[in-house]
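Data first, discussion second: the structure below is written as structure tokens.
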Amino acid sequence: DLCLVLGSSLRVRPASNMPEETVKKGGKLVIVNLQETPLDYMAFRINGLIDVVIYRLMAKLDLTIPAFKLPRRMSIIQTEKNEKVGFMIRGVDEEGSPYSLFKAAAVSFDNQDKMLVENEPFWVYPESQVNVNKGVMKVKLAFQGHYGEPTHEVEVDLESLKLNEKVYYSMEFDPANGLWSQAEKIVI
């Protein structure tokens, strides 16, 4: 019935075919953009900022806009390589598939010296005197920063990890106040 185009140039196919198909099948087309598009002639055109238009539309519909929170997840797996126990840390999506989120991770065990790892997935092999089955591993994550998110530290209870079993953590960033929620262990 209606295709609402927000901020698209309508030049990339096949997605740009959808608005025209909507009109051909009797639907309406609304385009919100600051620049002209090839389909302006068949649309109700609003030359404006998307945020302003959507805020006004939602107010007219008496609907609230939920606060935006940026969800992030990571996985940790305890592994063994050449008789040495270590950890693989990486960003994941909501299904647990690898998703590059981090630029670096600073990892420490029971407040010992931090190891900085800069290639995701992060492979960490602690010094031999570290007990990898007791205490806390602190993982300070540096994000890609597309939303201005600051670093965030996740505390991992080493006793909760089992060899070759992935553990997932979830956290949320609130751009409105610049704060992270505490990371929580989750099941995916």
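The values are calculated or read from the model by the stated rules, or taken from the named source; none is laboratory data. In this text the structure is predicted, and so the values were computed from the model without any measurement. Quick reminder, even Gly has a Cβ in these numbers, built from the backbone with ideal geometry, and neighbours come from all protein chains shown. We work out accessible area using only protein heavy atoms, side chains counted, and drop any ligands, DNA or RNA first. Shrake-Rupley method; radii C 1.70, N 1.55, O 1.52, S 1.80 Å.
As a check on your grasp of the helix formula, calculate [θ] at 222 nm for the chain: sum -39500 (n - 2.57) over DSSP H runs of n ≥ 4, divide by the residue count, round to the nearest 500. Computed ellipticity for the chain at 222 nm equals -3000 deg cm²/dmol.
Against the criterion of solvent-accessible heavy-atom surface with a 1.4 angstrom probe, Lys28, Lys166 sort, most first, into Lys28, Lys166. Only Lys, Arg, Asp and Glu carry charge here, each on its Cβ (+1 for the first two, -1 for the last two); on that basis the stretch 128-168 has a dipole of about 140 debye about its Cα centre. Each of Asn164, Ala183, Asn47 was scored by the projection of its Cα onto the charge dipole of the chain, and the greatest displacement toward the positive side belongs to Asn47; charges sit on the C-beta of Lys, Arg, Asp and Glu. Build a GNM of the chain with springs between Cα atoms under 10 Å apart, and of Ile76, Ile46, Ile89 the one that fluctuates most is Ile46. Along each principal axis, taking the top coordinate minus the bottom one, the Cα set of the stretch 113-154 gives 38, 19, 16 Å in descending order. Largest GNM mean-square fluctuation across Ala142, Ala59, Ala15, computed for the chain with C-alpha springs under 10 Å, falls on Ala15.
Running a GNM on the chain with Cα contacts under 10 Å, which residue among Ser108, Ser75, Ser16 ends up with the highest mean-square fluctuation? Result for the chain, Cα springs under 10 Å: Ser16 fluctuates most. Would you mind getting the accessible area per residue of the chain, heavy atoms of the protein chains only, 1.4 Å probe, in Å²? With all protein chains present, the chain gives 64 Å² per residue. Going by accessible surface with a 1.4 Å probe and the largest first, Ile77, Ile65, Ile54 read Ile65, Ile54, Ile77. Given the C-alpha centroids of the stretch 120-188 and the stretch 32-56, what is the distance between them in whole angstrom? Cα centres, the stretch 120-188 to the stretch 32-56: 42 Å.
In this entry, the chain is assigned a mean projected area of 14.7 nm², taken as a quarter of its C-alpha convex hull surface.
Candidate cross-link partners of Lys25 among the lysines, defined by an alpha-carbon separation under 30 Å and a same-chain spacing of 8 or more, comprise Lys60. Here the dipole of the chain is about 540 debye; that uses its Cα centre as origin and unit charges on the Cβ of Lys and Arg (positive) and Asp and Glu (negative).
Pairs from the list Lys114/Lys140; Lys140/Lys162; Lys103/Lys140; Lys162/Lys185; Lys114/Lys162; Lys114/Lys185 with a Cα-Cα gap above 19 Å: Lys140/Lys162; Lys114/Lys162; Lys114/Lys185. Accessible surface of the stretch 1-110, 1.4 Å probe: 53 percent of it comes from carbon and sulfur atoms.
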